[in-house]
Amino acid sequence: MEACGGAHSWARELSGLGHAVRLIPPSCVKPFVRRGKPDNADAEALCTAVAQPSMRFVPVKTPAQQAVLMQHRVRDFLIRQPPPLANAIRAVA
């Protein structure tokens, strides 16, 4: 599967059912997409990418690891927001 937040959740679920799950970073799949973003083109690109001998895979993250990453993203977002937020407050006041 292509790695994203939801893919980690699905990977944990499928691993619990006995499947071997490997996640591929989206940046490694992108070169193999030939046309647009329909599901069948995405699936074809994933199959081509996974067949590459040098393909690297992403380890499946636990819910705790995903929570920590989410905290970091929220913190980065809030650090970038003070000037626009302060300007908006001043505009209303």
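Each reported figure results from applying straightforward, stated rules to the coordinates on display, with no laboratory input. Here the structure is a predicted model, which is why all the values come from computation and not from measurement. For neighbour counting, all protein chains shown are included, and Cβ atoms are generated from backbone atoms with ideal geometry for every residue, glycine included.
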Inset, instruction - List THR48, THR62 from most exposed to least, where exposure is judged by having the fewest other Cβ atoms within 10 Å. - result: THR62, THR48
Inset, instruction - Within the set of other residues whose C-beta is less than 15 Å from the C-beta of LYS30, count the net charge using Lys and Arg as +1 and Asp and Glu as -1. - result: +1
Inset, instruction - Quick one: which residues, 5+ away or cross-chain, put their amide H under 5 Å from the amide H of ILE24? H built at 1.01 Å from N. - result: GLU2, ALA3, VAL58
Legend entry - Of (i) 1.13; (ii) 1.05; (iii) 1.17, the label for Rg/Rh (Cα atoms, Kirkwood Rh) derived from the coordinates: (iii)
Legend entry - Dipole moment magnitude, nearest 20 debye, the chain about Cα centre, only Lys, Arg, Asp, Glu C-beta charged: 340 debye
Inset, instruction - Specify the longest stretch of the chain that does not include any exposed loop site, a site being one of the trypsin sites (Lys or Arg not before Pro) with a non-H, G, I, E, B DSSP assignment and at most 15 other Cβ atoms within 10 Å. - result: 57-93
Inset, instruction - Specify the angular offset, from 0 to 90 degrees and rounded to the nearest 10, of the alpha carbon long axis of helix 82-92 from the longest principal axis of the alpha carbons in the chain. - result: 50 degrees
